[in-house]
Amino acid sequence: MSVAAAVRPPPAAPEPSAPILVPGRNCWRVERASKFAMLVDGEDYFRAVREALRTAERSIFILGWDIDSRMRLVPDGADDGWPEPVGEFLNALVKSRKRLRAYVLSWDFAMLYFIEREWMPIYKLDLRTHRRLSFRMDARHPVGASHHQKVVVVDDSVAFVSGFDITRSRWDSCEHACDDKRRINPLNLTYGPFHDVGAVVEGDCARALGELARERWERATGRRPRAPVQPSVPGHWPASAEPELTNVAVAIARTEPEFDGLPGAGEIRQLHLDAIAAARRDVFAENQYFTSRAIGDALAQRLAQPRGPQVAVISPKTQSGWLEVSTMGVLRGRLDRDLRAADRHGRYRLLCPKLPWLDDDKGCLNVHSKVMVVDDALVTIGSANLSNRSMGFDTECNVAIEAAGDERVARAIARMRERLLAEHLGTTPERVAETFARTGSLFGTIDALHDPAGRTLETTQVPLDPTLDSVVPEHDVLDPEQPSDADTLVADMIREPEVGAGTRRRIAVYAAVLIGIAALAAAWRYSPLREWLALERVQALAAFVESQPLAPLAAVGAFVVGAVVLVPVTLMIAATALLFGPVEGALYAFAGALAGGAATYALGRALGRDAVRQLAGPKLNLLSRRLARRGWLTMTIVRLVPLAPFGVVNAVAGASHIGWRDFLVGTALGLLPGLVLTSAFVDRAVAAVQEPGVATLAMLAAVVAVAVGIARWLQRRLAPRRDAPSPDGEHAG
């Protein structure tokens, strides 16, 4: 059965006594698994993955949001005779086994994640590895969507489905010990405790997941991997994984957005809705994100009922980084607020796992898992967050098991919930089971085992900043459940700020600039900075550079090299202005930027569209192709509102439909305003630091004000109006 088969209208919702899992409604297929195990945290998961990969004879599939070839699946050493970094490990496996082929598929990520990703993965996992190890990046998604399935399949015999990516900063043990020296990334930097959950299956279910992986590979690359030439055989089950169940029916559920004429799948969304509707006693969930309006509405409906279930959602105390805090964090805060309002009977809690050895601000475990357990009736594990994106926009894969009256399966599902609760409460699964039997409720068990001085689950309320709440767009913009037109998305993102809030922000920016200048002035007066940046030294250096006959050519050449190695062009302009002065520096920077742009444009044209897409990501290619009909105006806008590093945009333009003339004219026009302002700012900033006074500070403030004014004018000018037609002639509203 093809994954790309059309999705039929879902059958009617199951009756309370009927099975929850219904193929074609809330799952793709239900297949038998000869073995099933839940793997909690990276120590168990990654060791099991390595053990299974080591046995591969015919095929390996790895689908993920990210993969880092440098990651060590067993950080303290697997001691199995194979290389430790996963890239070298996979390469050694395929080189040593003539029939083995490995397929690794990772999301063709947005430039937003460029800093977080391994650089040049296509080179490290494909170009320099054995020909039977194929690495590709998946760009077959609507604009803004991502490939988020986390699936590993070995010989169609054993398969893993999880929230884990085989990348940095994912490994941890169940102890989440303070300062565990094994929690170190390929850059030799430590990271905090990290919690995730996966599942491993054997048998027919693994074969079905192999079909899913082949279908995804074909969608992403246009090539169908070889099908198995003989039935899968046992022998690949990881020795370290203790089966929770044998001979059990396992459902596979997907999220796939409609794209390029191919139908989508919304089984995971319906699975969660049906599971919540069927809950009688409790809903237990662990999830990285909790922002889905559909899930929130379903939970609110159950919470309003007099005899509805208890709902416990375990989630991080805060999102990771300022960007997530200001976006997904706000959406989670709104959903939490609405559920508290709907909770008329005290049956809802948002919880975070407290680790006492962490400080108060980061005292809770980083929860990355995607698990839901309903009563003792159903468990689902996989890649799908409780977010709108995971319900309909990104590709996702979950597996699910239902008891359907089978006491053996019901007891196994209960044990899985007990294992997770035991870890968070710092106790044993046996004690959790005994306490649950005594109290008869999920909340009663959590309260009875609560230890304020140790590991425990703390009820939390997501703080919702009123200012952020007033300016952050709604769920369908930041956390969409279906594709949106790019122009509509931009129009929705740019909201008219309230006058008071905007004024406060501008005052804060101006105050920060003035405080920074004052600090530099103080450092100039009371520290060795005055000696290091003495006017005589700066003038001597500038004079020496200017006296060199090839200095202008060297400056232009530096811009060419900088464009190739992705040095920020603004930094290059500032350095040139510092050395040569605001006038000559601006001229040399202008010539250098054009030369660097032309060089990387030519490089992109020589490499071709496919190579550039693999190295830089497809989103910029899509933008260039869409706006190419505007010619030079395209490049002008891209330069005025930079979307990615200078060299990357140039290479993408070279591989797209933008011609030489349009590229150079647009680059020149788009660079000029920023180049002039940067040179002027550097000149006035140096003057203000070396000779602080009313005149120099006023001039610097004037330059800053002009820059801010131009930026705000561009924002208003380039932002599409809701009633304006899109570039494709469609209505943007």
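The values are calculated or read from the model by the stated rules, or taken from the named source; none is laboratory data. Everything numeric in this text was worked out from a predicted model, so none of it was measured. All Cβ positions, glycine included, derive from the backbone under ideal geometry; neighbour counts span all protein chains shown.
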Residue, farthest from ASP156 (Cα to Cα), within segment 66-103, restricted to residues that are at pLDDT 95 or above and hydroxyl-bearing (Ser, Thr, Tyr): SER96
Of residues in segment 233-250 being in contact with a helix residue (DSSP H, G or I) (Cβ under 8 Å, 6 or more places away or on another chain) and outside any loop (DSSP other than H, G, I, E, B), the one nearest to ASP156 (Cα to Cα): VAL250
Any hit, segment 367-388, residues being assigned to a helix (DSSP H, G or I), over 24 Å from ALA249 (Cβ atoms) and of a type in the set (A, V, I, L, M, F, W, C): no
Members of segment 251-265 that are part of a strand (DSSP E or B) and either in contact with a Gly (Cβ under 6 Å, 6 or more places away or on another chain) or of a type in the set (Ser, Thr, Tyr) (or both): THR255, GLU256
Residue satisfying condition, being outside the structural domain of PHE160 (by TED's automatic domain parsing), in contact with a strand residue (DSSP E or B) (Cβ under 7 Å, 6 or more places away or on another chain) and on the phi > 0 side of the Ramachandran plot, within set GLY405, GLY426, GLY440, GLY392: GLY426
Residue count for segment 266-284, restricted to those that are in contact with a Leu (Cβ under 9 Å, 6 or more places away or on another chain) and in a helix (DSSP H, G or I): 6
Matching residues, segment 173-186, being at pLDDT 95 or above and either buried (at least 24 other Cβ atoms within 10 Å of the Cβ) or at positive phi (or both): HIS176
Residues of segment 140-176 classified as touching a residue at least 40 places away in the same chain (Cβ under 8 Å), part of a loop (DSSP other than H, G, I, E, B) and either over 15 Å from PHE46 (Cβ atoms) or touching a strand residue (DSSP E or B) at 6+ places or on another chain (Cβ under 8 Å) (or both), total: 22
Which numbered condition VAL22 fails, given (1) modelled with pLDDT of 95 or more; (2) assigned by TED's automatic domain parsing to the domain that holds ALA208: (2)
Residue match in segment 424-438 (condition: more than 23 Å from the chain's Cα centre (by Cα) and in contact (Cβ under 8 Å) with a residue 60 or more places away in the chain): yes
Residues satisfying the stated conditions in segment 37-73, i.e. under 24 Å from HIS147 (Cβ atoms) and among the polar types (S, T, N, Q): SER59, SER69
Some residue of segment 448-465 being at pLDDT 95 or above, assigned to a helix (DSSP H, G or I) and surrounded by fewer than 20 Cβ atoms within 10 Å (Cβ to Cβ): yes
Sole exception among (1) surrounded by fewer than 22 Cβ atoms within 10 Å (Cβ to Cβ); (2) touching a residue at least 40 places away in the same chain (Cβ under 8 Å); (3) not assigned by TED's automatic domain parsing to the domain that holds GLY405 for GLU256, by number: (1)
Positions within segment 285-316 being more than 25 Å from PHE393 (Cα to Cα) and assigned to a loop (DSSP other than H, G, I, E, B), in sequence order: GLN305, PRO306, ARG307, GLY308, PRO309
